[in-house]
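Asks: Please find one structure pasted underneath; my questions will follow.
The values are calculated or read from the model by the stated rules, or taken from the named source; none is laboratory data. Owing to the predicted nature of the structure, the values given are computational and were not obtained by experimental measurement. Heads up, the Cβs are rebuilt from the backbone with ideal geometry, glycines too, and the neighbour counts pull from every protein chain shown.
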């Protein structure tokens, strides 16, 4: 069974809005002051080149030349992040396959070194994740690896990932399962599929669970402002509802994303080429990353959400996740009421006025 029937789609929409509204109600009781502060993560795009072309990804729309980030620049970014008190480094790019970068392990070693060692994670399509490369990443100090793939079906993989490399991915995963130890790092198998029943019944997936891997399924996707909507629909993949944007997005709190060409942005979900209103000054971030987030450009960006003036690029983004902690009760209530109104108009492609 796949995600095609109206009943299934309606149930998914209901579940989505139930979860959103439940979080909004709990959010009314979140602390009035931020407990953990802002700026917990820094993200580096090792390269914007990929060896797949997934239907759900913005890779197919980017305008940037394919480049790899310079090792010295990555080291400078990591050093600045440590000085700012960041605790995690993400090597999952906006687009691109991180394992294409041949010096990725150097970045991990920089991050893991004293002082202030960082947790390091990445998402990969697994095509290059051979047992040998896996061991190299673990030896360098990787903390978490997520493998993105479809259900292990040749036709489904070719349609969703638009790659002929499923056998390579499966062979790599089988090899990893043979050598994996729980002390190596956290492993997640993230399955992108339209299957509802038995989506995790494949023996390889069952074995991954037995070995202690986390297994997840992506049910709903961003449509890149409508650009991949038809592609998702053709594969039975569902677009996530578009929420109103009143509270600042969590992406404006966690930390910056540095692109492979050296540019920087506040958002790794949608700012494909680092040219939108979310673009940040790399020099300012390297000089005073925490200042940019607490009182500088990103603080101004957060206020735009509260003023019903969220950047245009954000209005159609379906990755949006509201921040409740530290926000005014009146603003949280406005967000909750707007979400309730949007949930009552589920057929609309956009949720309507935010206020």
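Asks: Only one of (1) surrounded by 14 or more Cβ atoms within 10 Å (Cβ to Cβ); (2) not in a helix (DSSP H, G or I) fails for residue 60. Which number is that?
Replies: (2)
Asks: Could you tell me whether residue 55 is part of a loop (DSSP other than H, G, I, E, B) and under 24 Å from residue 134 (Cα atoms)?
Replies: no
Asks: Output the qualifying pairs, or none if there are none: Cβ atoms under 6 angstrom, residues six or more apart or on different chains, first residue in the stretch 322-346 and without any contact (Cβ under 8 Å) to a residue 40 or more places away in the chain and on the phi > 0 side of the Ramachandran plot, second residue part of a helix (DSSP H, G or I) and buried (at least 17 other Cβ atoms within 10 Å of the Cβ).
Replies: Listed by first residue and then by second, the contacts come to nothing, as the list is empty.
Asks: Given the options 142, 147, name the one that is buried (at least 16 other Cβ atoms within 10 Å of the Cβ) and in a strand (DSSP E or B).
Replies: Details: 142 fails: in a strand (DSSP E or B).
Going through 142, 147 in turn, just one is buried (at least 16 other Cβ atoms within 10 Å of the Cβ) and in a strand (DSSP E or B): 147.
Asks: Ok, one more. If you go through the stretch 138-163 one residue at a time, how many are within 17 Å of residue 107 (Cα to Cα), touching a strand residue (DSSP E or B) at 6+ places or on another chain (Cβ under 8 Å) and touching a residue at least 40 places away in the same chain (Cβ under 8 Å)? Steps first, please.
Replies: To start, the set of residues in the stretch 138-163 that are within 17 Å of residue 107 (Cα to Cα) comprises 138-145.
Those left that are additionally touching a strand residue (DSSP E or B) at 6+ places or on another chain (Cβ under 8 Å): 141-145.
Checking which are touching a residue at least 40 places away in the same chain (Cβ under 8 Å) leaves us with 142-145.
Of the residues in that region, 4 qualify.
Asks: Also, I was wondering about something else. In the set 65, 46, which member is in contact with a strand residue (DSSP E or B) (Cβ under 9 Å, 6 or more places away or on another chain) and modelled with pLDDT of 95 or more?
Replies: 46
Asks: Going by the conditions given, is residue 190 under 13 Å from residue 121 (Cβ atoms) and surrounded by fewer than 16 Cβ atoms within 10 Å (Cβ to Cβ)?
Replies: yes
Asks: Another question, if that's okay. Restricting attention to the stretch 87-136, which residues are farther than 22 Å from residue 182 by Cβ, touching a residue at least 40 places away in the same chain (Cβ under 8 Å) and assigned to a helix (DSSP H, G or I)?
Replies: Scanning the stretch 87-136 gives 98, 100, 104, 107.
Asks: Also, I was wondering about something else. Go through 227, 207 for me and flag whichever is assigned to a helix (DSSP H, G or I) and over 29 Å from residue 103 (Cα atoms).
Replies: 207
Asks: Is there a residue being farther than 21 Å from residue 152 by Cβ, in a helix (DSSP H, G or I) and modelled with pLDDT of 95 or more anywhere in the stretch 263-283?
Replies: yes
Asks: Within the stretch 284-295, is even one residue crowded, with 20+ Cβ neighbours inside 10 Å, over 19 Å from residue 89 (Cα atoms), touching a residue at least 24 places away in the same chain (Cβ under 8 Å) and in contact with a helix residue (DSSP H, G or I) (Cβ under 9 Å, 6 or more places away or on another chain)?
Replies: No, the stretch 284-295 contains no residue that is crowded, with 20+ Cβ neighbours inside 10 Å, over 19 Å from residue 89 (Cα atoms), touching a residue at least 24 places away in the same chain (Cβ under 8 Å) and in contact with a helix residue (DSSP H, G or I) (Cβ under 9 Å, 6 or more places away or on another chain).
Asks: Still on this structure, please answer the following. Which numbered condition in (1) in contact with a helix residue (DSSP H, G or I) (Cβ under 9 Å, 6 or more places away or on another chain); (2) over 21 Å from residue 55 (Cβ atoms) is the only one that residue 201 fails?
Replies: (1)
Asks: If you don't mind, another one. Considering only the stretch 251-265, how many residues are farther than 12 Å from residue 44 by Cα and either touching a strand residue (DSSP E or B) at 6+ places or on another chain (Cβ under 7 Å) or surrounded by fewer than 17 Cβ atoms within 10 Å (Cβ to Cβ) (or both)? Steps first, answer last, please.
Replies: The initial filter retains those residues of the stretch 251-265 that are farther than 12 Å from residue 44 by Cα, namely 251-254.
Still in the running and either touching a strand residue (DSSP E or B) at 6+ places or on another chain (Cβ under 7 Å) or surrounded by fewer than 17 Cβ atoms within 10 Å (Cβ to Cβ) (or both): 254.
Selection size over the stretch 251-265: 1.
Asks: Please go through the stretch 15-35 and pick out each residue that is touching a residue at least 24 places away in the same chain (Cβ under 8 Å) and assigned to a loop (DSSP other than H, G, I, E, B).
Replies: Selection gives 28, 30, 31, 32, 33, 34, 35.
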